[in-house]
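Asks: Take a look at this one; I'll ask things after.
The values are calculated or read from the model by the stated rules, or taken from the named source; none is laboratory data. Here the structure is a predicted model, which is why all the values come from computation and not from measurement. Glycine also receives a Cβ, built like all others from the backbone with ideal geometry; neighbour counts cover every protein chain displayed. The protein model used for the area step is the full one, side chains on, heavy atoms only, and it has no ligands, DNA or RNA in it. Shrake-Rupley method; radii C 1.70, N 1.55, O 1.52, S 1.80 Å.
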Amino acid sequence: MSAKLSEHTGEQVVKLEHLKKSFPDNPVLRDVNLTIPKGENAVIIGQSGIGKSVLIKCMVRLIEPDAGRIEILGHQVNSLEEEALNGLRKKIGFLFQGNALYDSMSVRENLEFPLVRNKMAGTKKQLERQVIQALDNVGLRQTIDMMPSELSGGMKKRIGLARTLILQPEIILYDEPTTGLDPITSKEISQLIIDLQRHYHTTSIIITHDISCVKITANTIHVLKDGSLYTSGTYNELKQSKDAWINNFFN
Amino acid sequence: MKNDQGANILSDITGLVRFTVRVVRSMMDPPFENREMMKQSYFIGYKTLPLIAVTAFILGLVLTLQSRPVLVDFGAESLLPGMISVSIVREIGPVVTALICAGKIGSGIGAELGSMKVTEQIDAMEVSGTNPMKYLVSTRVLATTLMLPILVFFADAIAFVGSYLAVNLHGEIAPQLFLTNAFAPLHFYDLIPATIKTFIFGFAIGVIGSYKGYTAGFGTEAVGRAANSAVVVASVAIFIIDMLVVELQHSMEMLNF
Amino acid sequence: MTITMKMTVGKGIRLGVFIILGIAIFAYAIYIIGKQRNLFGNTFTVSGIFRDVSGLKVGSNVRYSGINVGSVSNVHLLNDTLVKVQVTLEDKVHQFIREDSRMEIGTEGVMGNKVVNITPGTSTKPVVEEGATLGTIEAVKMDEILDELKKSSVNTTVVTQNLAEITSKINQGEGIFGKLFTDTSFTNNLDQISRNTANLTRNVSTITSKINHEEGVVGKLLSDTTLAKEFDQAGNNLLESTRNLKGFTQKINRGEGMFGKMFTDTAFTRNLDETARNLTYTTKQARAISENLARITRHIESGKGVMNKLLVDSTFADSLDGTLKNINKTARELDQAAETVRKNWFIRTFSTKKQPPEQQQIDTTKNRPK
Ligand SMILES: Nc1ncnc2c1ncn2[C@@H]1O[C@H](COP(=O)(O)OP(=O)(O)OP(=O)(O)O)[C@@H](O)[C@H]1O
Ligand SMILES: [Mg+2]
């Protein structure tokens, strides 16, 4: 599980083809085609309720798509057996929009959970060290024995991030990592995402409405509109776009 | 997801049946979440005992006080312990315990899983290499199924104590004589079907609470709704199961088991 | 809520204690119930053969001197008339069950549960062997009691009919004397009355003994004290009839040696008139008895007010005893009357050709088996 590749290989780690998903009376994803190369920070933007969260949940099979192919790290996500799926999921970090911290567990237990469940805990000492390191990454070591209900919204977000990163995934899916944070913390988080990319060559998919986050982290930006990809491009390309809708979004 | 507005009972039932099949299947194959199961058993069993104890005690006491005058009229006061013991063991112990557990445990499971569902904790578990069906649901269902009978044994015993005290209010009776009188009319066909049905009650409470929580909609109000309908559906289920088990009881009685 | 819901060792221990205690309660209950049903400990079996087990079931209690000593372990048909009942008994009573101990099916409790009673045998007889078959005392059932009551009713009707016949003969007036004393059927009739009443008495006595014997059943089937009153009434009526007959007999007795007077004396004729009237009355009385008995039978058959009767059980038994005594007395008196009539030389002279009785005769001797 080494993510430490020195170069962009041009390998496509995420490939979505003709992805369709609709809920009763609500055709959310109509035809999404998307490829993301290894080591890239891909930002997905789009209006609220357009289906961004649904899209990334399809990638880890939290939601079964109606049609289409999803290939992640060379695996057909929708034809994997449970064990193989869990093996793949181990390599994918998922930061939930609402943090999804286990509120019956302490911060420590929250961070231990993915390690223990994936049998990557090692000894008690190793476990402790990993937890503390993850907390140090987000600067919240002092909260280790607190319950989630005792944390502020921003702290929760950062603990959630620490939990997402603790398995050192190859692909990280961020669902609005900076929403609800002050500009300074928000920048720190954006910086953390870049640092991870630099150090570990992780591939990231970042859903965000935060333009400053987009600006810092994005290699490529994908615009989701009306159930499919509207356009893609770098930050500068889209900022200078003549398209009125995109213009509206960026300014 | 389903729209709860005017929730269709039929689709609710088919959903519940399908969910039950999933639960049973996930309980069958390994790995088993023993630690989590112990933890749930602790909360569902041990932590519910005080509530059950108080209720059962009062129940035994009151039931005895209320039944006494009728038997006194017939000059059959000595039958009091036996009559109370049969009603407690057969019916009141299991059903009242199950109803209390539906209220406390069923709603607890519904609310807990509901809020986990709504705040994506269940999704988070799933991507952390954990089958929530096993980790969250099976453990709870197994814990309720195994703990409810034990709670009922305690409830029966404590209700006997309450009954003993009530009998004693009107004159001394030695505990030994009370027990002899209480056990005299009891057969296996009183005890065994009653015990079997407590397992079923426990299973129903666990499954229904889990189902309601697991299929909660969106938002915090969905959590409340999940907890609420868990109690309602579980309570109704308890009565229906109770009715069906009467048949079992009768057939055992026929065999004089 | 605690800071963490983690499962600790302490919680594990508490959970363990909780579970073990709970199971211990259950195990205790199983043990006690099992002990009552003799599932544990050493046992031995004996059996008995009955014609009818009155709904005895596997699991029913077995009593020895009123103590629970075991339970019925098997009830099955041997052939079309015999039922074998096997009981399992605690080893500790083995030494008391002798070869001449007997099994009997009895009733206990409000619900009339059936139990097997084992009677002590003679202490000089050897102790029974495992699997032995004991003698039995057949249970008496309410059906039989109902039958008895019906028979009594029929008997009373017969008495009534006989009396009615006599009365009508007397009432026919002309040629009274010749007819009365030459006709052997008069004597026969009186004989018949006497015998029927004796039958009736025996019937009622059987019923009473059965009822006394089967207290539970009475409680179950008899509805209220009015029934007892009716029985009493029946007794009183019979007594009354007897008195009337006695009067008649006395008159006949007084007529002894007054051969000439009998044909001339109008007072005697008047006397006989009175006798006829008396007999008419007796007939009515006897009919009332018959009706009363029929009513009682219906009452019992409909089995009204089961529970209430339970409480007046003993009163009822007393009433029945009283009734029985009354009827007994009546029968004795009727016997005497018949005897007197038969002894009377006058009547003897005129009744040389005795005919065998044609009246319905009900045999009540086969009620007790063995
Ligand atoms: N499990 C589900 N069942 C039914 N409908 C759903 C479900 N999940 C999402 N939807 C619907 O799909 C649509 C897209 O939801 P999604 O959460 O993907 O939006 P989003 O683009 O992430 O919006 P936001 O930026 O506000 O997070 C919404 O209309 C939502 O109601
Ligand atoms: Mg979203």
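Asks: Mind checking which pairs have a first residue in region A:45-59 that is closer than 21 Å to A:Leu88 by Cα and a second that is more than 6 Å from ligand 1 (Cβ to nearest atom) and assigned to a loop (DSSP other than H, G, I, E, B), Cβ under 7 Å, 6 or more apart or different chains?
Replies: A:Val54/A:Ile63; A:Lys57/A:Ile63; A:Cys58/A:Pro65
Asks: Tell me, yes or no, whether region B:195-203 has at least one residue that is within 12 Å of another protein chain (Cβ to nearest Cβ) and either at pLDDT below 90 or open to solvent by less than 10 Å² (accessible area, probe 1.4 Å) (or both).
Replies: Yes, region B:195-203 has at least one match.
Asks: Another question about this same structure. Please state which one of A:Ile211, A:Ile189, A:Ile207, A:Ile221 is within 16 Å of ligand 1 (Cβ to nearest atom), modelled with pLDDT under 90 and either aliphatic (A, V, I, L, M) or open to solvent by less than 10 Å² (accessible area, probe 1.4 Å) (or both).
Replies: After applying the criteria, what remains is A:Ile211.
Asks: Please enumerate the residues belonging to region B:106-161 that are among the charged types (D, E, K, R), in contact (Cβ under 8 Å) with a residue 24 or more places away in the chain and within 11 Å of another protein chain (Cβ to nearest Cβ).
Replies: Step one: filter region B:106-161 for residues among the charged types (D, E, K, R), giving B:112, B:117, B:120, B:123, B:126, B:134, B:140, B:156.
From the residues that got through so far, the ones that are in contact (Cβ under 8 Å) with a residue 24 or more places away in the chain too are B:112, B:117, B:134, B:140, B:156.
Scanning region B:106-161 gives B:Glu112, B:Lys117, B:Lys134, B:Asp156.
Asks: Continuing with this model, one more query. Could you tell me whether region C:87-95 includes any residue that is part of a helix (DSSP H, G or I) and open to solvent by less than 50 Å² (accessible area, probe 1.4 Å)?
Replies: yes
Asks: Follow-up. I'd like to check something: does region B:62-74 contain any residue that is under 30 Å from B:Thr139 (Cα atoms) and within 14 Å of chain C (Cβ to nearest Cβ)?
Replies: Among the residues of region B:62-74, not one is under 30 Å from B:Thr139 (Cα atoms) and within 14 Å of chain C (Cβ to nearest Cβ), which makes the answer no.
Asks: Does B:Glu172 satisfy the condition of being free of Cβ contacts under 8 Å to residues at least 12 places away in the same chain, under 30 Å from A:Thr164 (Cβ atoms) and away from chain C (no Cβ under 12 Å)? Walk me through it before giving the result.
Replies: Numbers: free of Cβ contacts under 8 Å to residues at least 12 places away in the same chain: yes; under 30 Å from A:Thr164 (Cβ atoms): no; away from chain C (no Cβ under 12 Å): yes.
Taking the combined requirement at face value, the residue does not satisfy it.
Asks: Go through region A:56-94 and count every residue that is within 16 Å of ligand 1 (Cβ to nearest atom) and touching a helix residue (DSSP H, G or I) at 6+ places or on another chain (Cβ under 6 Å).
Replies: The qualifying residues number 7.
Asks: Applying the selection to region A:59-91, what residues are within 13 Å of the chain's Cα centre (by Cα) and within 12 Å of A:Val14 (Cα to Cα)?
Replies: Correct list: A:Met59, A:Val60.
Asks: Is it true that some residue in region B:26-35 is in a helix (DSSP H, G or I), touching a helix residue (DSSP H, G or I) at 6+ places or on another chain (Cβ under 8 Å) and under 26 Å from B:Ala102 (Cβ atoms)?
Replies: Of the residues in region B:26-35, the ones in a helix (DSSP H, G or I) are B:26-28, B:34-35.
Retained after the next criterion (residues that are touching a helix residue (DSSP H, G or I) at 6+ places or on another chain (Cβ under 8 Å)): B:26-27.
In the following step, the residues that additionally are under 26 Å from B:Ala102 (Cβ atoms) were identified as B:26-27.
Checked against the condition, which is being in a helix (DSSP H, G or I), touching a helix residue (DSSP H, G or I) at 6+ places or on another chain (Cβ under 8 Å) and under 26 Å from B:Ala102 (Cβ atoms), region B:26-35 yields at least one hit.
Asks: Still on this structure, I have one more. Search region B:205-257 for residues being open to solvent by 80 Å² or more (accessible area, probe 1.4 Å) and not in a helix (DSSP H, G or I), and hand back the single one that is farthest from B:Ser138 (Cα to Cα).
Replies: The extreme case among them is B:Leu255.
Asks: Counting only residues that are open to solvent by less than 30 Å² (accessible area, probe 1.4 Å), over 13 Å from the mean Cα position of the chain (by Cα) and more than 9 Å from ligand 1 (Cβ to nearest atom), how many does region A:6-25 have?
Replies: 3
Asks: Here are the criteria: (1) closer than 17 Å to A:Glu109 by Cβ; (2) modelled with pLDDT of 90 or more. Tell me which single one A:Gln126 does not satisfy.
Replies: The number of the failed condition is (2).
The rows are residues; the columns are (1) within 14 Å of another protein chain (Cβ to nearest Cβ); (2) in contact (Cβ under 8 Å) with a residue 12 or more places away in the chain; (3) closer than 23 Å to C:Val17 by Cβ.
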site	(1), (2), (3)
B:Arg18	no, no, no
B:Val54	no, no, yes
B:Ile58	no, yes, no
B:Val86	yes, yes, no
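Asks: Collect the residues in region A:28-55 that are of a type outside the set (Ser, Thr, Tyr), more than 8 Å from ligand 1 (Cβ to nearest atom) and out of contact with any helix residue (DSSP H, G or I) (no Cβ under 9 Å at 6 or more places or on another chain), keeping them in residue-number order.
Replies: A:Arg30, A:Asp31, A:Asn33, A:Ile36, A:Pro37, A:Lys38, A:Ala42
Asks: Given (1) in a helix (DSSP H, G or I); (2) open to solvent by 40 Å² or more (accessible area, probe 1.4 Å); (3) among the small types (Gly, Ala, Ser), identify the lone condition not met by B:Ser67.
Replies: With respect to (1) in a helix (DSSP H, G or I); (2) open to solvent by 40 Å² or more (accessible area, probe 1.4 Å); (3) among the small types (Gly, Ala, Ser), B:Ser67 is out only on (2).
Asks: Quick check, is C:Ser101 hydroxyl-bearing (Ser, Thr, Tyr), under 15 Å from C:Ile137 (Cβ atoms) and either open to solvent by 40 Å² or more (accessible area, probe 1.4 Å) or under 25 Å from the mean Cα position of the chain (by Cα) (or both)?
Replies: Yes.
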